[in-house]
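A.B. asks: Let me begin by handing over the structure; questions about it come next.
Read the figures in this text as sums done on the coordinates, not as results from a lab. Worth saying up front: this structure is predicted, and the values here are computed from it rather than measured. Quick reminder, even Gly has a Cβ in these numbers, built from the backbone with ideal geometry, and neighbours come from all protein chains shown.
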Amino acid sequence: MTSPTDLGLGDLDGFRIDIDAARERADIVLDRPPFNVVSMPQRDQLRKAFEALDALDEVRVIVVRAEGENFSSGGYIKGFMEASPETVSKLADNIAAPARCAKPVIVANRGYCFGVGFELSLACDFRIVSETCQYALPEQKLGQIPGSGGSARLQKIVGITRTKNIVMRSRRISAQEAYDWGIASEIVPDAELEAATDALVDELRTFSPLAQRTAKKLLNDTEDASLSTSIELEGHCYSRLRQSDDFKEGVEAFHEKRKPAFKGS
């Protein structure tokens, strides 16, 4: 079994990695309570963590969660003044690591989820929110704008009108609003956040790893494409999966009325 130290990441700043090989999951846990402020070095370490876990065969699903009552109040403010303009211009690349990751990524949000905490969550595939969750991009209060993809990703989800209302007013979004607007995949009572996350992990593990990787990449790649281009790419992906062992197994299991045993090939 692979341990976090085997990943070659060194000492982790403000987070830890828990690997449960029996459940084919890895958890990236923000661990600087009570507010889990994200430091500048931590951003690049998070990128490296996603890349390392993406390459780990025993991990099927990655979960991002946090210790305490708040996911993250945002980044370490003084760090922005200490970093060079060139460094901060590339921050979005680090926080985009969940989106680049080929495997499904779930984030569990409760309490404050502000700034880079919200941006990291927006880069994940599934956002499960506790009823205590509050999302915000408060950078306008500092004379800044979101710098890690927040306004761009949010606009894709909720449109320009709501995004302006959120970004230009540093407005907080409640968990219910996030769910109603399509930001959150699921909303649950606070006490049920971990159970809901576990259930989604187990559900995702029942599908073909190859089909899931293909679906995620296709959806990401066609987000800005025309309808005709998206349909064309979908057809090519469908054709490739037609040749896979997993598709053959899925068809056979369907006709034999049994659960498929997917291998990811």
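A.B. asks: Looking at the calculated P(r) for the stretch 209-255, what percent of the C-alpha pair distances fall above 16 Å?
C.D. replies: 43 percent
A.B. asks: In nm, give the distance between the simple-model label positions of K164 and H236, each being 7 Å from the Cα along the Cα-to-Cβ direction.
C.D. replies: Taking the two extended label points, one gets 3.7 nm.
A.B. asks: Select from the stretch 100-169 those trypsin sites (Lys or Arg not before Pro) which occupy a DSSP coil region and have at most 15 other Cβ atoms within 10 Å, ordered by residue number.
C.D. replies: R169
A.B. asks: Here is a further query. Which residue, chosen from A199, S170, V63, occupies the Cα position most advanced towards the positive end of the dipole of the stretch 4-204, where the dipole is computed from +1 (Lys, Arg) and -1 (Asp, Glu) charges on Cβ about the Cα centre?
C.D. replies: After comparing all options, I get S170.
A.B. asks: Give the residue list of chymotrypsin sites (Phe, Trp or Tyr not before Pro) in the stretch 107-200 that are DSSP loop and have at most 12 other beta-carbon atoms within 10 angstrom.
C.D. replies: Answer by residue number: there is no such site.
A.B. asks: Mind listing the phi-derived Karplus ³J(HN,Hα) values for the stretch 143-150, rounded to whole Hz, using 6.51, -1.76 and 1.60 with θ = phi - 60°, and x for any glycine or proline?
C.D. replies: Rounded to whole hertz, the list is x, 9, 10, x, x, 10, x, x.
A.B. asks: Rank P98, P33, P138 by how far each Cα sits towards the positive end of the charge dipole of the stretch 24-149 (+1 on Lys, Arg Cβ; -1 on Asp, Glu Cβ) and give me just the farthest.
C.D. replies: Positive-most Cα among the choices belongs to P138.
A.B. asks: Within the stretch 119-183, report the GluC sites (Glu not before Pro) that DSSP leaves as loop and that have at most 16 other Cβ atoms within 10 Å.
C.D. replies: E131
A.B. asks: Okay, next question. Each label point is 7 Å from the Cα along the Cα-to-Cβ direction; what then is the distance between the points at S174 and D57, in nm?
C.D. replies: Result: 4.9 nm between the two label points.
A.B. asks: Let me ask something else about it. Compactness ratio of the chain: Cα Rg over 2.2 N^0.38 Å, N = residue count?
C.D. replies: Cα-based Rg divided by the globular estimate yields 1.04.
A.B. asks: Subtracting the Cα-Cα distance from 0.36 nm times the residue separation, let me have the gained length for E194 to D6 in nm, one decimal.
C.D. replies: 65.0 nm
A.B. asks: Moving on. Can you classify the stretch 105-214 as rounded, prolate or oblate using the Cα gyration tensor, where a ≥ b ≥ c are the square roots of its eigenvalues, rounded means a/c under 1.5, and otherwise it's prolate if a/b beats b/c and oblate if not?
C.D. replies: Verdict is prolate for the stretch 105-214.
A.B. asks: With θ set to phi - 60°, apply the Karplus curve 6.51 cos²θ - 1.76 cosθ + 1.60 along the stretch 165-172 and write out the HN-Hα couplings as whole Hz, x wherever there is a Gly or Pro.
C.D. replies: Running phi through 6.51 cos²θ - 1.76 cosθ + 1.60 with θ = phi - 60° gives 5, 7, 6, 6, 10, 6, 7, 7 Hz.
A.B. asks: What is the dipole size for the stretch 4-204, taken about its Cα centre, with +1 at each Lys and Arg Cβ and -1 at each Asp and Glu Cβ, in debye to the nearest 20?
C.D. replies: In total the dipole reaches around 1140 debye.
A.B. asks: Taking the Cα centre of the stretch 37-133 as origin and charging only Cβ (+1 Lys, Arg; -1 Asp, Glu), how large is the dipole, in debye to the nearest 20?
C.D. replies: It comes to approximately 80 debye.
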